[in-house]
Amino acid sequence: MNFPWDQLLVEGTWMITMAQIGAPFGIIGLIAVITYFKLWKYLYREWFTSVDHKKIGAMYLICAVLMFVRGGIDALMMRTQLAIPNNTFLDSNHYNEVFSTHGVIMIIFMAMPFIFGLWNVIVPLQIGARDVAFPVLNSVSFWLFFSGMILFNLSFIVGGSPAAGWTNYAPLAGEFSPGPGVNYYLIAIQISGIGTLMTGINFFVTILRMKTPTMKFMEMPMFTVTTFITALIVILAFPVLTVALALFTTDNIFGTAFFTVANGGMPMLWANFFWVWGHPEVYIVILPAFGIYSEIIPTFARKRLFGHQSMVWATAGIAFLSFLVWVHHFFTMGNGALINSFFSISTMLIGIPTGVKIFNWLFTLYQGRITFESPMLFALGFIPNFLIGGVTGIMLSMAAADYQYHNTYFLVAHFHYTLVAGVVFACLGALIFWWPKMTGFKLNEKLNKWCFWFFVIGFNICFIPQFILGLDGMPRRLYTYMPEDGWWLLNVISTFGALLMALGFMFLVASIVYSFFKAPREATGDNWDGLGRTLEWSTAAAMPPKYNFAITPDWNDYDTFVDMKEHGRHYLDNHNYKDIHMPNNTPVGVFMGIFFTIGGFFLVFETMLPAILCLIGIFGTMIYRSFQVDHGYHIPVSEVTETEKRLREARIKEREAVSHES
């Protein structure tokens, strides 16, 4: 085994050195805390090997929040570097590494696990299911994502981060990027992407086959509808990325020439592959966000969602068009007028179904009895901010104009008005909205609202100046500039806005910590003062029991739960319980993740023997699972009856306490 020890340690700035020193101590400290409190057995039994969709969803969300912090720190480092001319806070290579990892972290390791975490926690509850279709596959999916996340973050202190941008364009990422950085990019995203593809298949089948028998497709909750359509996009788009990453990996490690110019490769082939996946990827994160807004807005407007069926068709239209627009990402790369015209028109067409959604949300708000809880504030803040992203997107869709905008900060601002206003606002609002489903208590509303105002105001202060900088000619991917360029004032303002966003996020962290210790625990499943409109709010407790529903609920219309409450009925009134079948926990996902992590690490450094041994371990684990006899277990009717009785008594006590206080 010829391991390249000389490439292992990164020689860089004081920040990298501090990270190299701090990371081992952090890991040792975490292990010491878990050991001191004797949590290893509990974590292994109840979390690491769990196939419960709610726990897997919670683990996705924990990782997503941690990656939001990591990506946010990267953003603050970039804004600090650009705040003043000729700044030396970051050198050019370190800036390129931070810039590259920021994009990958926020898209692949923050937005997607946040969405998948919400899928896991909420979708089975919304469709009246007891778990997903393939619980073990769900566990494997998470641990493959976790493996990719660990590998990618390891690059900062071991070997060096990728520095060719988050799009990893050839030939820059090929023959002009020596070292293991690009290999980290290729292999970490490949491993995580395999897990993502498994998740897409799992939820596509879950919604098709596991929903309550009375629920029709066009009457499903909008978050479930957008999940179903997004899962289909994942199934169609991610194989393209998988193939592209595999080809680039063979170029880097085995000397093939798919994208290598010197040996007759085609760099533009990578650009096409990347964006054939990359633009649908934008909708993989934005369509579930639209589903989130379609749950929050009717809840706090106290109205049925306007135009439910048109929303379903608009979602399907966006999904279809998302595969027909990828070339607009490289109008500047020399396509002919006919090709540019086709993709310019197809890009503009996406504005039509998106506009349908915007108007449906506005009509839902019209004459509603609106209250301004913090999730509703994020939903309302989304509409005007996302509209700015959409309008500037139409500007960029015109090929001739795009030649002027494309490589400037105008595009950076557009991209963030689309993804931050569209996805991050949705993630923060959804985290607050569905927090009781995971923890049994609500977050502090006062701190949540401080989070909203600082984050949204800071967001606009940060990115509106970037539109102006772009129109003034400031190129993107620039690590420094001269005083004579005249960009310093707007960059200072933009950096100040980024700091306000960070402060807003800290209010959310404060809300979580404060509420953990101070918030009253709730017994009812309908946590927002009885405003819930879908089945996840009909559970017997704020935190659903492990079987979710003692009786399979009925769903005859997309406002069935509201109708039942108005007529004084509830599915919980049915006590005709039966034994409930549930899946067993399994360590298969954990071991697959370990083998992928270790094997991926050695493949990054092109050390074949350990990588091959780990590959054998992966296939060995799969074979072990294939021959394992596992029929799950049954929760006896006596246990179901006792659990439901206990939860019913807790709900009665809570109602009596509320009545006494009022």
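The values are calculated or read from the model by the stated rules, or taken from the named source; none is laboratory data. What you are looking at is a predicted structure, and each value in this text was computed from that prediction instead of being measured. Glycine gets a Cβ as well: all are built from the backbone with ideal geometry, and neighbour counts include every protein chain shown. These area figures cover heavy atoms from the full protein model, side chains too; ligands, DNA and RNA do not enter into them. Shrake-Rupley method; radii C 1.70, N 1.55, O 1.52, S 1.80 Å.
Quick notes on this structure:
- In region 602-622, of all residues being open to solvent by less than 40 Å² (accessible area, probe 1.4 Å) and under 27 Å from the mean Cα position of the chain (by Cα), the one that is farthest from Phe156 (Cα to Cα) corresponds to Ile618.
- Conditions (1) at pLDDT below 95; (2) within 21 Å of Val282 (Cα to Cα): number failed by Thr214: (2)
The rows are residues; the columns are (1) free of Cβ contacts under 8 Å to residues at least 40 places away in the same chain; (2) assigned to a helix (DSSP H, G or I); (3) under 25 Å from Val604 (Cα atoms).
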site	(1), (2), (3)
Ile16	no, yes, yes
Pro24	yes, yes, yes
Leu43	yes, yes, no
Ala58	no, yes, no
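- Subset of region 513-540 [farther than 22 Å from Pro298 by Cα and crowded, with 19+ Cβ neighbours inside 10 Å]: Ser515, Glu522, Ala523, Ala540
For every residue, the table says whether it meets (1) modelled with pLDDT under 95; (2) not small (Gly, Ala, Ser).
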residue	(1), (2)
Val276	no, yes
Glu295	no, yes
Pro298	no, yes
Ala314	no, no
Leu321	no, yes
Phe330	yes, yes
Met333	yes, yes
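- Thr49 being modelled with pLDDT under 95 and hydroxyl-bearing (Ser, Thr, Tyr): no
- Residue under evaluation Met218, criteria (1) in a helix (DSSP H, G or I); (2) under 23 Å from the mean Cα position of the chain (by Cα); (3) surrounded by fewer than 24 Cβ atoms within 10 Å (Cβ to Cβ), criterion not met: (2)
Conditions (1) of a type in the set (D, E, K, R); (2) open to solvent by less than 10 Å² (accessible area, probe 1.4 Å); (3) touching a Leu at 6+ places or on another chain (Cβ under 9 Å); (4) part of a helix (DSSP H, G or I), marked per residue:
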{"position": "Pro171", "(1), (2), (3), (4)": "no, no, no, no"}
{"position": "Tyr185", "(1), (2), (3), (4)": "no, yes, yes, yes"}
{"position": "Ile194", "(1), (2), (3), (4)": "no, no, yes, yes"}
{"position": "Thr199", "(1), (2), (3), (4)": "no, yes, yes, yes"}
{"position": "Phe203", "(1), (2), (3), (4)": "no, yes, no, yes"}
{"position": "Leu208", "(1), (2), (3), (4)": "no, no, no, yes"}
{"position": "Leu232", "(1), (2), (3), (4)": "no, no, no, yes"}
{"position": "Phe238", "(1), (2), (3), (4)": "no, yes, yes, yes"}
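- Only one entry of Met110, Met77 meets the criterion of being part of a helix (DSSP H, G or I), crowded, with 21+ Cβ neighbours inside 10 Å and in contact (Cβ under 8 Å) with a residue 12 or more places away in the chain, and that entry is Met110.
- Any hit, region 259-267, residues being assigned to a loop (DSSP other than H, G, I, E, B), open to solvent by less than 40 Å² (accessible area, probe 1.4 Å), out of contact with any helix residue (DSSP H, G or I) (no Cβ under 8 Å at 6 or more places or on another chain) and farther than 28 Å from Leu428 by Cα: no
- Some residue of region 56-73 being farther than 28 Å from Thr199 by Cα, open to solvent by 60 Å² or more (accessible area, probe 1.4 Å) and modelled with pLDDT of 95 or more: yes
- Note on region 357-409: residues that are over 30 Å from Leu338 (Cα atoms), among the hydroxyl-bearing types (Ser, Thr, Tyr) and surrounded by fewer than 15 Cβ atoms within 10 Å (Cβ to Cβ) amount to 2.
- Number of the condition not met by Phe415 [criteria: (1) open to solvent by less than 20 Å² (accessible area, probe 1.4 Å); (2) at pLDDT 95 or above]: (1)
- Of the candidates Phe463, Phe433, Phe455, Phe467, the single residue that is buried (at least 17 other Cβ atoms within 10 Å of the Cβ), within 30 Å of Ala523 (Cα to Cα), modelled with pLDDT of 95 or more and among the hydrophobic types (A, V, I, L, M, F, W, C) is Phe433.
- Matching residues, region 453-480, being among the aliphatic types (A, V, I, L, M) and within 24 Å of Ala379 (Cα to Cα): Val456, Ile457, Ile461, Ile464
- Hits in region 122-158 (condition: part of a loop (DSSP other than H, G, I, E, B) and farther than 30 Å from Val98 by Cα): Ile127, Gly128, Ala129, Arg130, Asp131, Val132, Ala133, Phe134
- Top-ranked residue of region 80-94 - restricted to ones that are modelled with pLDDT under 95 and assigned to a helix (DSSP H, G or I), ranked as least open to solvent (accessible area, probe 1.4 Å): His94
- When Leu647 is tested against (1) in contact with a Lys or Arg (Cβ under 9 Å, 6 or more places away or on another chain); (2) open to solvent by less than 40 Å² (accessible area, probe 1.4 Å); (3) among the hydrophobic types (A, V, I, L, M, F, W, C), exactly one condition is not met: (1).
- Residue in region 561-574 that is open to solvent by less than 90 Å² (accessible area, probe 1.4 Å) and at positive phi present: yes
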